[in-house]
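Colleague: Could you have a look at this structure, given as structure tokens, before my questions?
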Amino acid sequence: MRGAERPLRGAGPIPPVPGAVHQRPHQQQRDRRAGPNRFIIDADVAGTEVACHCPTTGRIGDLVLDGLPCLLSRSHSSARKTPYTVEAVSVDAPGTQEPAWIGINQTAANRYVEQALKNNLLSKIVTVSCVQREKTLGGSRLDFLVNDDTYIEVKTPLDHLQVPLGDHVRTRPRPPLASTDRLVRHIGELGDSLEAHERAVLLVCFLYDNPGFQVRRSSRHEEVKAQVAQAVQRGVEIWQVNLRLDAVGVRVGRHFELTPQFLA
């Protein structure tokens, strides 16, 4: 669906993936090892080991990051101790000329979605006339209120990556999922707070070309299914959007509704 992708432009003072560093394949930055704390990744930049900011502290799928190419953005803040942020990693085969990137900056995802909304690039979900940030609905503080009647909460899951992995990629064991997923719990909270004339959209945002969000089954699957069904009956919708990163910026890819899947 590359032809359907549209770039995000000019809705804020910071361009998407600002100052992204992407060198030729034989010089790509490679994650060397974990840094001195969970917010630091040591990367090889043009042959020099540089401490870079890691924007996520959770799991990135089952990946062991050591040795993977990474896409960096340069910081222009004099207060920062790290000159770069790791925006994405790639699991493509070594030597790939134009690797596909998996974005890991979950904080930046909200900025990308805001730009997409303001530029009406998510028209299948809502046609936008105004966007407000961080509005309260019941006991929850949601990411966006659009047109005064549509609440949008953005979730950017990274714990389960739906991408093929070659033999060159190392992984670590995944523990069994025994608890109710936080994303599903939030769906219930949204449903409890909606008024009759309002919409609530849980937007599952992927910073790579995800084929279609899959919910991992847990030991409480039936309980979760019932909770989601109740929230949907009250007006909660679940949508997916794929945002694709490269050395130039961010593009809006496919976006489609997931609500029926959560009822299956």
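The values are calculated or read from the model by the stated rules, or taken from the named source; none is laboratory data. What you are looking at is a predicted structure, and each value in this text was computed from that prediction instead of being measured. Ideal geometry is used to build each Cβ from the backbone, glycine not excepted, and the neighbour counts take in all protein chains shown. Protein only, heavy atoms only, side chains kept; ligands, DNA and RNA dropped before computing areas. Shrake-Rupley method; radii C 1.70, N 1.55, O 1.52, S 1.80 Å.
Colleague: List, in order, the whole-Hz ³J(HN,Hα) value for each residue of segment 59-72 obtained from phi through the Karplus relation with A = 6.51, B = -1.76, C = 1.60 and θ = phi - 60°; use x for Gly and Pro.
Modeller: 3J(HN,Hα) across segment 59-72, in whole Hz: 5, 10, x, 9, 6, 9, 6, 3, x, 7, x, 9, 9, 10.
Colleague: Taking amide hydrogens as modeled 1.01 Å from N in the peptide plane, which residues meet the under 5 Å criterion relative to ASP92, leaving out close sequence neighbours?
Modeller: Result for ASP92 returns ALA100.
Colleague: Show me, for segment 200-215, the HN-Hα J-couplings you get by feeding each phi into the Karplus relation (A = 6.51, B = -1.76, C = 1.60, θ = phi - 60°), rounded to Hz, glycine and proline as x.
Modeller: Along segment 200-215, the couplings run 10, 10, 8, 9, 8, 10, 10, 9, 6, 7, 7, x, x, 4, 10, 8 Hz.
Colleague: How much of the accessible area of segment 40-124, in percent, comes from carbon and sulfur atoms when a 1.4 Å probe is used?
Modeller: Carbon and sulfur: 46 percent of the exposed surface of segment 40-124.
Colleague: Quick one: which residues, 5 or more positions from TYR84 or on another chain, have an amide H under 5 Å from its amide H? H modelled 1.01 Å from N in the peptide plane, none for Pro or chain starts.
Modeller: HIS53, SER75
Colleague: In addition: Taking Rh as the Kirkwood radius computed over C-alpha pairs, what is the Stokes-Einstein D of segment 68-184 at 37 °C in a medium of viscosity 0.692 mPa s, expressed in µm² per second?
Modeller: Stokes-Einstein gives a translational diffusion coefficient of 187 µm²/s.
Colleague: Something else: Using each residue's phi in segment 94-101, evaluate 6.51 cos²θ - 1.76 cosθ + 1.60 at θ = phi - 60° and report the 3J(HN,Hα) Karplus result to the nearest Hz, with x for Gly and Pro.
Modeller: Each residue's phi maps through the Karplus curve to give x, x, 4, 5, 10, x, 7, 9 Hz.
Colleague: Of the listed peptides 61-70, 131-140, what is their order by residue-averaged count of other C-beta atoms within 10 Å, with the highest listed first?
Modeller: Highest mean packing first, the order is 61-70, 131-140.
Colleague: Next question, about the same structure. Work out how much length PHE39 to HIS221 would gain on full extension: take 0.36 nm times their residue separation and subtract the Cα-Cα distance, in nm to one decimal. Don't jump to the answer; show the numbers that get you there.
Modeller: Details: separation 182, 0.36 × 182 = 65.52 nm, distance 3.31 nm.
Here the answer is 62.2 nm.
Colleague: With a sphere of radius 9 Å drawn around the Cβ of VAL64, what net charge do the other residues whose Cβ falls strictly inside it have (Lys, Arg +1; Asp, Glu -1)?
Modeller: That works out to 0.
Colleague: Within the set of other residues whose C-beta is less than 14 Å from the C-beta of SER73, count the net charge using Lys and Arg as +1 and Asp and Glu as -1.
Modeller: +1
Colleague: In square angstrom, rounded to the nearest 10, how much accessible surface does THR96 have for a 1.4 Å probe?
Modeller: 50
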